Amino acid sequence: MRRIVLVSVAGLLVFLVLALAFIWQRGTREEFIASPSSPGGADELARGQYLAAAGDCMACHTLRGGTPYAGGRAIATPFGTIYTPNITQDVATGIGSYSADDLWRALHNGIGKDGRFLYPAFPFTNYTKVTRSDSDALYAYLRTLAPQRAPARAPELRFPYDQRLLLVVWRALYFTPGQWQPDPARSPAWNRGAYLAQALGHCDACHADRNLLGATDSALGLSGGQIPIMNWYAPSLLGASEAGLKDWPEDDLVSLLRTGVSARATIFGPMAEVVEDSLQYLDTHDLEALATYLKDAPLPSHEPVQTNDSEAVLAEAPARARGAAIYREHCSDCHGEDGQGVARIYPPLAGNRAILMSSPTNPIRIVLMGGFGPVTAGNPRPYGMPPFAQELHNQEIAEVVSYIRSSWGNHASPVTSVEVDRYQGAPFD
């Protein structure tokens, strides 16, 4: 038995060494592409600031209420908590000693200046597609950030995920450095939108499901997925069964991305932060490009099964009556007796696909925690929905959500108090 164990351990070590060698050779092949120019011109600084907004860099690298870009924000994962690093120009605790090549290696290869593999909570699997010129522009902008002393906080990961060497295996399975390649069969607007969504915007970091090791399946594109720990569902942006955008007028979609509201929908939950900190700062050309891409993004090989059709099981009569009473008391003043809402103020509930998805996660969370849209230049005083977690018990929330999902032509399965309990007390952020 001891011999078998020793042989197994030796075999694992050999595999790790070979995998490390393979990844290092593959991951550094394009590591030091020469910078096309010395970064620092005014135009490049402005472009770098714009790209930092497009990538939503400040949101992750800023502690709530803290100094912008000084890091320290906790990123909760199923494996433990990772704290974002300081990316100001402090030499001791930030990236003040980074060269343009060091930043490029982090974005393109997921390797830090010290040569250590970065945890994939940093979306280098998307940023690997960022062009070298955009990386250099980002570097030029980051060089202007005032130094802030903010020592990095060590990750708090459970064993064996705290063993950084295991990233060798993860990378061998799930990461290949790449370069953005436009599709010659598509329009310039479509290609620009694809680049923003797939690279800087890293949209599939939320809008794609993750496997047991936290990797997304790029073949599924933006086909939707549960956001780990946060307990929100990022819907599919492709198929009509969820939040597909193919039938949206472009103006409505651009308005939603820029302001967080449109005649057809209102953004709540984690996406509100993306609009507030990132998307509202994109110019009209890029928002239109994103809309072009999202309206015509490639469908995944299989679309999620749609269960909320006309044959869906509706709530039983007494529970439905109780749900209707709760709705009239707490919801109808804003959303209307007919569930039509008020355009750009109170979102409609009738026919709202965010309400009708197979996963009831988001309507449950909104009733529990409240719904608060992003503060944007185009919607500086967004209307919010108060939380009802302290006012209604789980069974009542289940009944009113079930009523909403089965009224005004809506046909979605009822919600149980067990499902509500699953999200009671779940973190918002």
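The values are calculated or read from the model by the stated rules, or taken from the named source; none is laboratory data. Predicted model, so just to flag it, every value in this text is computed and none were measured. Here the Cβ positions follow ideal geometry from the backbone for every residue, glycine too, while neighbour counts run over all protein chains shown.
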Exercise for review: Hey, can you tell me all the residues within the range 237-280 that are assigned to a helix (DSSP H, G or I), over 17 Å from residue 197 (Cα atoms) and in contact with a strand residue (DSSP E or B) (Cβ under 6 Å, 6 or more places away or on another chain)?
Suggested key: 259
Review point. In the range 282-297, is there at least one residue being under 16 Å from residue 203 (Cβ atoms) and modelled with pLDDT under 90?
Key: yes
Exercise for review: For the range 97-113, state whether one or more residues are touching a residue at least 60 places away in the same chain (Cβ under 8 Å) and of a type in the set (D, E, K, R).
Suggested key: yes
Review point. Say we look at the range 171-190 and pick out the residues that are aromatic (Phe, Trp, Tyr) and in a helix (DSSP H, G or I); which of these is farthest from the chain's Cα centre (by Cα)?
Key: 190
Check your understanding: Is it fair to say residue 193 is over 12 Å from the mean Cα position of the chain (by Cα), under 16 Å from residue 126 (Cβ atoms), surrounded by 14 or more Cβ atoms within 10 Å (Cβ to Cβ) and of a type outside the set (D, E, K, R)?
Key -> yes
Point to revise | Among the candidates 365, 422, 328, residue that is over 23 Å from residue 237 (Cβ atoms), modelled with pLDDT under 95 and of a type in the set (Lys, Arg) | key: 422
Point to revise | From the options 141, 50, residue that is out of contact with any Gly (no Cβ under 6 Å at 6 or more places or on another chain) and among the hydroxyl-bearing types (Ser, Thr, Tyr) | key: 50
Check your understanding: Which of the residues belonging to the range 102-118 are part of a loop (DSSP other than H, G, I, E, B), in contact with a Lys or Arg (Cβ under 8 Å, 6 or more places away or on another chain) and within 15 Å of residue 176 (Cα to Cα)?
Key -> 110
Revision key, fill the gap. Scanning the range 272-287 for residues that are buried (at least 21 other Cβ atoms within 10 Å of the Cβ) and free of Cβ contacts under 8 Å to residues at least 60 places away in the same chain, the one farthest from the chain's Cα centre (by Cα) turns out to be 287
Revision key, fill the gap. Contact list, first residue from the range 181-193 and basic (Lys, Arg), second anywhere and part of a helix (DSSP H, G or I) and surrounded by 15 or more Cβ atoms within 10 Å (Cβ to Cβ), beta-carbon distance below 7 Å, six or more apart or interchain, is 192/286; 192/289
Revision key, fill the gap. Residue hits (the range 207-236; buried (at least 19 other Cβ atoms within 10 Å of the Cβ), of a type in the set (A, V, I, L, M, F, W, C) and in a loop (DSSP other than H, G, I, E, B)) are 222
Study note, to complete from the structure: Reported set for the range 33-55 where residues are part of a loop (DSSP other than H, G, I, E, B) and either modelled with pLDDT of 95 or more or surrounded by fewer than 19 Cβ atoms within 10 Å (Cβ to Cβ) (or both) is 33, 34, 35, 36, 37, 38, 40, 41, 55
Review point. Does residue 155 count as touching a strand residue (DSSP E or B) at 6+ places or on another chain (Cβ under 7 Å), surrounded by 15 or more Cβ atoms within 10 Å (Cβ to Cβ) and not assigned by TED's automatic domain parsing to the domain that holds residue 289?
Key: yes
Review point. On the given criteria, is residue 76 in contact (Cβ under 8 Å) with a residue 40 or more places away in the chain, out of contact with any helix residue (DSSP H, G or I) (no Cβ under 8 Å at 6 or more places or on another chain), under 22 Å from residue 203 (Cα atoms) and of a type in the set (A, V, I, L, M)?
Key: yes
Exercise for review: Tell me which of these residue 339 doesn't satisfy, since it passes every other one: (1) touching a Leu at 6+ places or on another chain (Cβ under 7 Å); (2) over 21 Å from residue 252 (Cβ atoms).
Suggested key: (2)
